[in-house]
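Following: one structure in structure tokens, then a few remarks.
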């Protein structure tokens, strides 16, 4: 099946703007990745099931939770749906979306230069979900804020969610907590998790 014209225009604009930043297109999709080793910036020119055009989602995906899918752990929708009304008009729309994406990518790089920056960002907005607690626990542990990390892991392990993914994240939290209690191995355990996640996502080995 040939690529729709509006998708070709989006891909051309993204290549011109995002590739010079070091972002890489995910296969032939409308998703671009900014690989920062322990996290990945995700740029998604999201299509609609009902009309030709694109939304724009940009966010950070932390890699310290073993998974085979991308997620928007920070960030999300930054532009509402832009309709395709014709080639000439949509060239400008695609360029605008790509430029906004580049601005968001640069902002994420500046915001999350280290795990301690993630910890500060998460602490500023009190965690409300098991995922919030988990990401705060890991980032705090890597930043050396051991007490905060223990409290957040404890919140993960006491969460009542019963679905399989929650059971798995509680198991991983217990393993990380043991490393904290032992006073050794936490960073290595997190890095091993990051490496496995990179493999599952098809990212290059560190």
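The values are calculated or read from the model by the stated rules, or taken from the named source; none is laboratory data. Please read all numbers here as calculations on a predicted model, not as lab measurements. Please note: Cβ atoms are built from the backbone with ideal geometry, for glycine as well, and neighbour counts cover all protein chains shown.
Just to be sure before I move on: is residue 128 at pLDDT below 95, touching a helix residue (DSSP H, G or I) at 6+ places or on another chain (Cβ under 9 Å) and either farther than 20 Å from residue 63 by Cβ or not assigned by TED's automatic domain parsing to the domain that holds residue 176 (or both) in the structure I sent?
On the way: at pLDDT below 95: yes; touching a helix residue (DSSP H, G or I) at 6+ places or on another chain (Cβ under 9 Å): no; either farther than 20 Å from residue 63 by Cβ or not assigned by TED's automatic domain parsing to the domain that holds residue 176 (or both): yes.
Here the answer is no, as residue 128 does not meet what is asked.
With respect to (1) farther than 18 Å from residue 100 by Cβ; (2) crowded, with 16+ Cβ neighbours inside 10 Å, the lone exception for residue 11 is condition (1).
If the condition is being assigned to a loop (DSSP other than H, G, I, E, B) and closer than 21 Å to residue 38 by Cβ, then the range 142-175 contributes 144, 145. Close contacts from the range 50-68, counting a first residue that is free of Cβ contacts under 8 Å to residues at least 40 places away in the same chain and a second that is part of a strand (DSSP E or B) and crowded, with 20+ Cβ neighbours inside 10 Å, with Cβ to Cβ under 6 Å and a gap of 6+ residues or different chains, come to 57/44; 61/40; 61/42. If you go through the range 61-84 one residue at a time, do you hit one that is modelled with pLDDT under 95 and part of a helix (DSSP H, G or I)? No, every residue in the range 61-84 fails to be modelled with pLDDT under 95 and part of a helix (DSSP H, G or I). For residue 206, are the conditions met, namely being at pLDDT below 95 and either closer than 19 Å to residue 40 by Cβ or assigned to a helix (DSSP H, G or I) (or both)? Here the answer is yes, as residue 206 does meet what is asked. Kindly indicate whether residue 195 is within 20 Å of residue 43 (Cβ to Cβ), without any contact (Cβ under 8 Å) to a residue 24 or more places away in the chain and in a helix (DSSP H, G or I). No.
Being within 19 Å of residue 198 (Cβ to Cβ), touching a helix residue (DSSP H, G or I) at 6+ places or on another chain (Cβ under 7 Å) and buried (at least 20 other Cβ atoms within 10 Å of the Cβ) is true for just one of 68, 34. Which residue is that?
Working: 68 fails: buried (at least 20 other Cβ atoms within 10 Å of the Cβ).
Within the list 68, 34, the selection yields 34.
Listed here are the residues, each with its yes/no results for (1) surrounded by 16 or more Cβ atoms within 10 Å (Cβ to Cβ); (2) outside the structural domain of residue 15 (by TED's automatic domain parsing).
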residue: 102; (1), (2): yes, no
residue: 137; (1), (2): yes, yes
residue: 142; (1), (2): yes, yes
residue: 171; (1), (2): no, yes
residue: 179; (1), (2): yes, yes
residue: 185; (1), (2): no, yes
residue: 192; (1), (2): no, yes
residue: 206; (1), (2): no, yes
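Can you find a residue that is part of a loop (DSSP other than H, G, I, E, B), within 30 Å of residue 53 (Cβ to Cβ) and touching a residue at least 40 places away in the same chain (Cβ under 8 Å) anywhere in the range 102-111? Spell out how you get there, then give the answer.
To start, the set of residues in the range 102-111 that are part of a loop (DSSP other than H, G, I, E, B) comprises none.
No: zero hits.
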